[in-house]
Amino acid sequence: MYPNLFPTGSTGPCQERRPRSISFKGWVRYCLLMKDNRFRDHHDFMFSMFNIIQRIAVSKLSRFKIRGYSFHGVTSDMLKEALQEKLDGKPISHLQVTQLLRKVQRIGALIEHSPFRKTILRQQIFGMITERGWPTFFLTVNPSDVRSPLLKLSRYNVEERNNLLKIIYNADNLTEDKLHSWMKYCYPGTHASAIECSNYFHKVIQAIIEVLCGFNYRSKTYSTGLLGNVTGHFGVVE
């Protein structure tokens, strides 16, 4: 499938020679986090692997939660009528289709990034409002996770970052050569990979929540943050 990533065609999560078994998701994580960046920089690898992971999850969950008799009595005409009723904003008239959709919804709620998962998140928000009252603040955070200078700096070693800090601290004596050095470090020709951008996004959001809400991710406890004493927070990513 990817001859440039696997030139010998002898590697993968299902090798018999592997001394220790590994899940497909664990193998993908290993490929994306290894020192060799060919998997992270590939234009299609991570998206294809995500699609396969989603298909595996759907197959495993439906195997245990939906039986063959769930489809008894359900015809294609009934599904078409149910779809039209759904588009018209009307309740579904066929009981068999309604029961089948309930089982599909229970499975979809366990799969990340599915429409049914969003429904579960909304229910969790309503439950938190019922328990703790209406939220006081609504915040929208949009960090620059593609062209941020901090993200660019994270790609360099300690010595290179120290050289850049010297340039910044001596800004009063900034010369044209130092300015070119700044541009070299902050805006290199190569862009950060999607993995680096996602890690940077996660760390920035985590730091903002820790400062504003006083939430400690390690101990899962709250302390006094910039917004005062916070009893709870809920965050989602678009």
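Summary table below
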quantity	calculated
Matching residues, region 109-140, being open to solvent by 100 Å² or more (accessible area, probe 1.4 Å), of a type outside the set (A, V, I, L, M, F, W, C) and within 30 Å of residue 62 (Cα to Cα)	113, 118, 122, 123
Meets criteria (at pLDDT below 85, basic (Lys, Arg) and closer than 27 Å to residue 55 by Cα) for residue 155	no
Of all residues making up region 30-46, the number that are assigned to a helix (DSSP H, G or I), open to solvent by less than 60 Å² (accessible area, probe 1.4 Å) and within 15 Å of residue 198 (Cα to Cα)	2
Qualifying positions in region 75-121 - assigned to a helix (DSSP H, G or I), of a type in the set (Val, Ile, Thr) and modelled with pLDDT of 80 or more	97, 98, 119, 120
Meets criteria (at pLDDT 85 or above and open to solvent by less than 70 Å² (accessible area, probe 1.4 Å)) for residue 194	no
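The values are calculated or read from the model by the stated rules, or taken from the named source; none is laboratory data. Because the structure is predicted, anything quoted here is derived from the model rather than measured. When the accessible area is computed, the model is the full protein with side chains, heavy atoms only, and any ligands, DNA or RNA have been set aside. Shrake-Rupley method; radii C 1.70, N 1.55, O 1.52, S 1.80 Å.
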